[in-house]
Amino acid sequence: WDMKSGLCVQTFYGHTNAVNNVSFNNRSDTILSCDADGIVKLFDIRMVSERASLEAGEYSANSAKFDLSGKVIYVASDDGGIKVFNAETLTAEGVLAGHEEAVLDICTDAKGEYLLSASADCTFKIWK
């Protein structure tokens, strides 16, 4: 959206189920999106096109964020885990486990040292 005029600047297509979350990388040239089918997509803003897609599992992907370097993707999942992917190769690097119910949202701190996760289990956690 153009914040001054209120007009939509661009619409991105590619998901086949509800899009749950979108976020920019730190350079603001890539958009990361995730959906209710557990699909995570990377979109190139300059080319207005899908650059890559990865499957984060069979459960809904509720939030997806880049780390500060842009080299790691974190995905909050309905299965209670936070999936960790290499942003360059799109390969899975592990799962942060500890929540008892769906992870609904995640974010990193401004220095890139911590990851916060909020869950339907009525807790939030700080990860290092």
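The values are calculated or read from the model by the stated rules, or taken from the named source; none is laboratory data. From a predicted model like this one, the values you see are computed outputs, not experimental measurements. Positions of Cβ are generated from backbone atoms using ideal geometry, with glycine treated the same way; all protein chains shown enter the neighbour counts. For the accessible areas, the whole protein counts, side chains as well, though only heavy atoms, and no ligand, DNA or RNA atoms are used. Shrake-Rupley method; radii C 1.70, N 1.55, O 1.52, S 1.80 Å.
Scaling against 2.2 N^0.38 Å puts the C-alpha radius of gyration of the range 5-124 at 1.03. For the range 53-128, the Kirkwood hydrodynamic radius comes to 12.2 Å, computed from all pairs of different C-alpha atoms. Protein heavy-atom surface of the chain, 1.4 angstrom probe: 53% of the accessible area is carbon and sulfur, with nucleic acids and ligands not counted.
Distance between the pseudo-spin-label points of Phe12 and Ala97 (7 Å out from Cα toward the beta carbon): 3.1 nm.
Protein-only accessible surface at a 1.4 angstrom probe places the residues Val72, Val19 in the order Val19, Val72, largest first. Share of pairwise Cα-Cα distances greater than 17 Å in the range 1-42 is 42 percent (whole percent). Would you compute the Debye intensity of the range 50-89 from its alpha-carbon atoms alone, equal scatterers and no solvent, and pass along log10 I(q)/I(0) at q = 0.23, 0.33 Å⁻¹ to two decimals? The Cα Debye sum returns log10 ratios of -0.74, -1.20.
A 1.4 Å probe run over the protein chains yields, for the chain, 59 Å² of accessible area per residue, whole-number rounding. So what's the gap between the Cα centers of the range 92-128 and the range 7-39, to the nearest angstrom? Result: 20 Å between the Cα centres.
Please work out how many pairs of lysine residues in the chain are eight or more positions apart (or on different chains) and have Cα atoms closer than 15 angstrom. Within the chain, the lysine pair count is 10.
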